[in-house]
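Q: My structure is below; once you've seen it, I'll send some questions.
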Amino acid sequence: MQYVDAHGAHIPQIGIGTMTLTGDAGTTAIKTALEVGYRHLDTAAHYGNEKENGEALRASGVSRADVFITTKVRPTDAMPDAFARVVDQSLANLQLPFVDLLLIHWPSKEVPLALTVGALCKAKRDGKTKHIGVSNFTTALLDEAWKVTTEPLVCNQIECHPFINQDKVIAASQARGMAVVAYVPIARGKIPGDEALGRIGKAHGKSAAQVSLRYLVERGMVPIPRSTNREHLKENLDVFDFKLSAAEMAELKALNATNLRVVNPPHAPVWDTP
Ligand SMILES: NC(=O)c1ccc[n+]([C@@H]2O[C@H](COP(=O)([O-])OP(=O)(O)OC[C@H]3O[C@@H](n4cnc5c(N)ncnc54)[C@H](OP(=O)(O)O)[C@@H]3O)[C@@H](O)[C@H]2O)c1
């Protein structure tokens, strides 16, 4: 496993995204991920599976200290009182005294950002999380957040895969020393059938999904692919033993023009233009 370091956080460079991994099947998938070597779990209050993440961790026998656990607070809980309450609920669900990383899941359009960032910093000061960060923040929102935060923001978790151009927000995040955690890194299943990624993968004895993950890793990002399939879980971790050539990276970069944004709910901010 490789790691990305950001403001004191030591983040395993591949994590498992656990959205939709609920109930017994979810616990089994997360436990399988830990068994095959994942050491980074990405959950959220919104996913309704913090309990499953905690259960899978305990059932796996892997030491808590070896696993990097992220959870997130919904924009509907952006006011400080609600924020503090739901963080306590998340920890109770996980049955843990603290997480490694706590994120503002989406910026709120109603609550001033300074209030939510204040609550995020307080959660860190209170020992409920080792590190704090944001998700779905644009360059403008990053500027605003860094103006009001009293603690370093270690990551910006955003959509990233070869079919979207996120250059501006990646550059703005990395310039501040933040890790860019790439969600939907295999475009929610659209990568595996792609001709170019398949062809590039074949040249390295790898799959299209592995090429997408490798492209993100080579750009310094932290992809968090989801899978319920043991073979896919293993495959998605196995991206550290090959290197894409400059020409291959350029071909993948050109696919950014596809302009596919998989995650774009009504409460999304006004995104940076490519
Ligand atoms: N911060 C945010 O707002 C936000 C938003 C969306 C997502 N996320 C996070 O990002 C994580 C990942 O996103 P996602 O789960 O939506 O999409 P994803 O990881 O891009 O794609 C998941 C899909 O790809 C398939 N897959 C995985 N590995 C594969 C492989 N090696 N070969 C072929 N197919 C493969 C999976 O099917 P199988 O199960 O059959 O393998 C599943 O259908 C989420 O789980 C969540 O933790 C965060």
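Q: Would you point out which residue out of T71, T27 is in a strand (DSSP E or B) and touching a residue at least 12 places away in the same chain (Cβ under 8 Å)? Reasoning before the result, please.
A: Details: T27 fails: in a strand (DSSP E or B).
One residue alone meets the criteria, T71.
Q: So which residues in region 229-240 are among the acidic types (D, E) and touching a helix residue (DSSP H, G or I) at 6+ places or on another chain (Cβ under 9 Å)?
A: Residues satisfying the conditions are E235, D238.
Q: Please go through region 84-105 and pick out each residue that is assigned to a loop (DSSP other than H, G, I, E, B) and either surrounded by fewer than 16 Cβ atoms within 10 Å (Cβ to Cβ) or of a type in the set (K, R) (or both).
A: Taking region 84-105 as the starting set, the residues that turn out to be assigned to a loop (DSSP other than H, G, I, E, B) are 95-98, 105.
Matches in region 84-105: Q95, P97.
Q: Quick check on region 1-24: of everything there that is part of a loop (DSSP other than H, G, I, E, B), modelled with pLDDT of 95 or more and of a type outside the set (S, T, Y), which residue is nearest to the ligand (Cβ to nearest atom)? It would help to see each step written out before you state the result.
A: First pass over region 1-24, keeping only residues part of a loop (DSSP other than H, G, I, E, B): 1-2, 7-8, 13-15, 18-22.
Right, trim to modelled with pLDDT of 95 or more and you get 2, 7-8, 13-15, 18-22.
Checking the rest, the ones that are also of a type outside the set (S, T, Y) come to 2, 7-8, 13-15, 19, 21.
Values: Q2: 18, H7: 19, G8: 22, Q13: 15, I14: 11, G15: 8, M19: 3, L21: 7 Å.
Within region 1-24, the match that is nearest to the ligand (Cβ to nearest atom) is M19.
Q: Next question. Could you check A9 against (1) over 25 Å from H232 (Cβ atoms); (2) crowded, with 24+ Cβ neighbours inside 10 Å and say which number it fails?
A: It is condition (2) that A9 fails.
Q: For region 176-188, does any single residue satisfy the condition of being away from the ligand (no atom under 11 Å from the Cβ), in contact with a strand residue (DSSP E or B) (Cβ under 9 Å, 6 or more places away or on another chain) and under 25 Å from A33 (Cα atoms)?
A: Yes: one or more hits.
Q: Sticking with this one: Can you tell me how many residues within region 119-172 are closer than 15 Å to F98 by Cβ, part of a helix (DSSP H, G or I) and more than 16 Å from the ligand (Cβ to nearest atom)?
A: Selection size over region 119-172: 5.
Q: Also: Return only the number of the condition from (1) crowded, with 18+ Cβ neighbours inside 10 Å; (2) under 25 Å from M221 (Cβ atoms); (3) touching a residue at least 40 places away in the same chain (Cβ under 8 Å) that D167 does not satisfy.
A: That leaves (1) as the condition not met.
Q: Which of the residues belonging to region 30-55 are within 19 Å of the chain's Cα centre (by Cα), away from the ligand (no atom under 12 Å from the Cβ), over 14 Å from D100 (Cα atoms) and without any contact (Cβ under 8 Å) to a residue 40 or more places away in the chain?
A: Residues satisfying the conditions are K31, L34, G48, E52.
Q: Also: Of everything in region 45-83, what is among the hydroxyl-bearing types (S, T, Y), farther than 25 Å from A119 by Cβ and crowded, with 23+ Cβ neighbours inside 10 Å? Give them in sequence order.
A: The answer is none; no residue qualifies.
Q: Is it the case that some residue within region 221-238 is away from the ligand (no atom under 14 Å from the Cβ) and in contact (Cβ under 8 Å) with a residue 60 or more places away in the chain?
A: Taking every residue of region 221-238 in turn, none turns out to be away from the ligand (no atom under 14 Å from the Cβ) and in contact (Cβ under 8 Å) with a residue 60 or more places away in the chain.
Q: Within region 21-46, which residues are under 16 Å from N236 (Cβ atoms) and polar (S, T, N, Q)?
A: Passing the criteria: only T32.
Q: Return the residues of region 201-231 that are part of a helix (DSSP H, G or I) and over 17 Å from Q13 (Cα atoms); say none if nothing qualifies.
A: Start the filter on region 201-231 by keeping residues that are part of a helix (DSSP H, G or I), which leaves 201-204, 208-218, 230-231.
Matches in region 201-231: G201, K202, A203, H204, A208, R230, E231.
Q: List the number of the failed condition for T32; all other conditions in (1) assigned to a helix (DSSP H, G or I); (2) crowded, with 22+ Cβ neighbours inside 10 Å hold.
A: (2)
The values are calculated or read from the model by the stated rules, or taken from the named source; none is laboratory data. Quantities reported herein were computed from a predicted structural model and do not represent experimental measurements. Every residue, glycine among them, receives a Cβ derived from its backbone with ideal geometry; neighbour counts consider all protein chains shown.
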